[in-house]
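The values are calculated or read from the model by the stated rules, or taken from the named source; none is laboratory data. Computed from a predicted structure; not experimentally measured. Every residue, glycine among them, receives a Cβ derived from its backbone with ideal geometry; neighbour counts consider all protein chains shown. Accessible surface is based on the protein model in full, side chains and every heavy atom, while ligands, DNA and RNA are left aside. Shrake-Rupley method; radii C 1.70, N 1.55, O 1.52, S 1.80 Å.
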There are 2 protein chains.
Amino acid sequence: MCASCSSSFPAPGSKTDLEEGTVLTPRFNADGLVTCVTTDAASGELLMVAHMNAESLAKTLETGEAWYWSRSRGELWHKGATSGQIQTVVEMRIDCDQDALWLKVNVAGDGGCCHTGRRSCFYRKVDTTDGKASLVQA
Amino acid sequence: MCASCSSSFPAPGSKTDLEEGTVLTPRFNADGLVTCVTTDAASGELLMVAHMNAESLAKTLETGEAWYWSRSRGELWHKGATSGQIQTVVEMRIDCDQDALWLKVNVAGDGGCCHTGRRSCFYRKVDTTDGKASLVQA
């Protein structure tokens, strides 16, 4: 993680500042991450859930494209840099206690998002019709 | 966390099983949690991001209502039990690597979700029009 970037954002203030304030003070967890939910700006479909550290959030704000932190690879992840599935940020929101972000994006390339080739990572429903949970294609 | 509940779900299998299988094998993190994204089933609006442990997931599947794990209170959290804002699950999805859930819900009571009184926890946009990030009411 970029040492200088960890100080890119002011430290979180009081509960009132967090919830009602106008200053972006993300509450990064012990691993330096916030959760990021990404939806399709046009359809509203949930595409993926990922994580951002201070550096990826700063780069997302600077470039207008989604940068995440890949926990599996332990590196900054410019989504679409190799696949062409660049995510252009149409709107970014933050939640009440500033530990989760919501990106509404337009996806370039073939419009996909999931590494399995699907448009969304959430391609399976949890079915409980037989009283037992199983996964079915959505 | 309910010790017996941690064995409610089979252990995650291979990458192929996780991504293409029909067995629900959530990948709980080191704290025993998966991320849960909750949207309004009718409008598609993102309402909240929370966490579930095995017990809350099992209770959600059993009851058809959203149960989370409150990290701040360290306890099982039947959403709406005190506020009346019960979330009835219309559909549950899981992501490719089974470490994130998506609930589409109908909200009872006054239809709210956020503890600040708003309908959604994501009531502020991150604005960068002046080249500096600030938060504005959405």
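Structure summary
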quantity	calculated
Residue pairs meeting the criteria (Cβ under 7 Å; at least 6 apart or on separate chains; first within 10 Å of chain B (Cβ to nearest Cβ), in the range A:28-44; second open to solvent by 40 Å² or more (accessible area, probe 1.4 Å) and not in a loop (DSSP other than H, G, I, E, B))	A:T39/A:K104
Residue that is farthest from the other protein chains (Cβ to nearest Cβ), among those in the range A:78-105 that are of a type in the set (D, E, K, R) and in contact with a strand residue (DSSP E or B) (Cβ under 9 Å, 6 or more places away or on another chain)	A:K79
Which numbered condition B:V136 fails, given (1) part of a loop (DSSP other than H, G, I, E, B); (2) over 30 Å from A:S134 (Cα atoms); (3) open to solvent by 20 Å² or more (accessible area, probe 1.4 Å)	(1)
Residue selected from the range B:61-82 under the condition free of Cβ contacts under 8 Å to residues at least 12 places away in the same chain and of a type in the set (D, E), by the criterion farthest from B:L103 (Cα to Cα)	B:E75
Extreme residue, farthest from the other protein chains (Cβ to nearest Cβ), among residues of the range A:45-60 that are free of Cβ contacts under 8 Å to residues at least 60 places away in the same chain and open to solvent by 40 Å² or more (accessible area, probe 1.4 Å)	A:E55
Any hit, the range A:77-91, residues being within 22 Å of B:V136 (Cα to Cα), in contact with a Leu (Cβ under 7 Å, 6 or more places away or on another chain) and open to solvent by less than 30 Å² (accessible area, probe 1.4 Å)	no
Considering residues of the range A:22-41 that are hydrophobic (A, V, I, L, M, F, W, C) and modelled with pLDDT of 95 or more only, the residue surrounded by the fewest Cβ atoms within 10 Å (Cβ to Cβ)	A:V23
Only listed residue being surrounded by 15 or more Cβ atoms within 10 Å (Cβ to Cβ) and in a loop (DSSP other than H, G, I, E, B), chosen from A:D110, A:D97	A:D97
Inter-residue pairs, beta-carbon under 7 Å, first more than 22 Å from A:L24 (Cα to Cα) and in the range A:83-101, second buried (at least 16 other Cβ atoms within 10 Å of the Cβ) and among the β-branched types (V, I, T), 6+ apart	A:Q85/A:V107
Per-region count, the range B:117-132, residues surrounded by 15 or more Cβ atoms within 10 Å (Cβ to Cβ) and either modelled with pLDDT under 95 or more than 7 Å from every other protein chain (Cβ to nearest Cβ) (or both)	6
